[in-house]
Structures are given as structure tokens and as C-alpha cells.
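Note sheet for the following structure.
What follows draws every value from the coordinates through simple rules; no lab data is involved. Small disclaimer: the values here were computed from a predicted structure and weren't measured. Backbone-built Cβ (ideal geometry, glycine too); neighbour counts: all protein chains shown.
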Amino acid sequence: MLSFQEKGRYFGYPECCIKHFMDIKYKSTMIKNYIPNNNTGFLPCKICADKVLNEGLTLANLLVNRECETTFPIGNGKKIIENRKILREKINYKT
């Protein structure tokens, strides 16, 4: 079975986003109840999310060296990130 890091690299996610996902995955067992995956599974870190929201990038623009043959979902990803940003504020991360 692939680790989260290996899966993230397979899908072309940036290393900073993989690390962010791993950090929150282990800090909150309830994460799936608060952050919808919208069939992408991609949870960008704050820096990458800001690039999509403020610099005109798309989620797909953030993907590098994608090994997966399935194309990334259509759309710029702003709606996904805006929803996650709102919901992320409701999460009480345990340290």
C-alpha cells in the first residue's frame, strides 16, 4: 500500500501540500467531516491555496510530474478552495 507521500507524488501534488495534508490528517481525526474532497482529493496548503485565490492559478497548475493518467478535474479550483477555507476555520486542530 502506498504512503500518503507516495500517493501525493503519484498525483503530482506539490511537496508543501503533501506535508500540509499529512500534518492535518494526524491532528484531526474528524477532518473528513469538515473538508469535502469534491472528488479531487487535493487539499492545498495555505500558500498554494492563496495562489489559486489571488494569483489566477488553477489547482491543475499546481500539479507537477503527475504520474496518474487520469486528468485532473476541470475548473480553476477557486470554489473548492473557498469552501475549504471556510470549513477549515471551523476545525479545532489538536496539537
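Just a few scattered comments:
- Cβ-based exposure ranking for PHE42, PHE21, in which fewest neighbours within 10 Å come first: PHE21, PHE42
- Packing-based exposure ordering (other Cβ within 10 Å, fewest first) of THR70, THR58: THR70, THR58
- As a proxy for reagent exposure, LYS51, LYS19, LYS46 were ordered by neighbouring Cβ count within 10 angstrom, fewest first; the result is LYS46, LYS19, LYS51.
- Within-10-Å neighbourhood charge of TYR10 [Cβ basis; K, R +1; D, E -1]: +1
- Computed from the Cβ-Cβ distance with R0 of 22 Å, the FRET efficiency linking CYS16 to GLU69 stands at 0.35.
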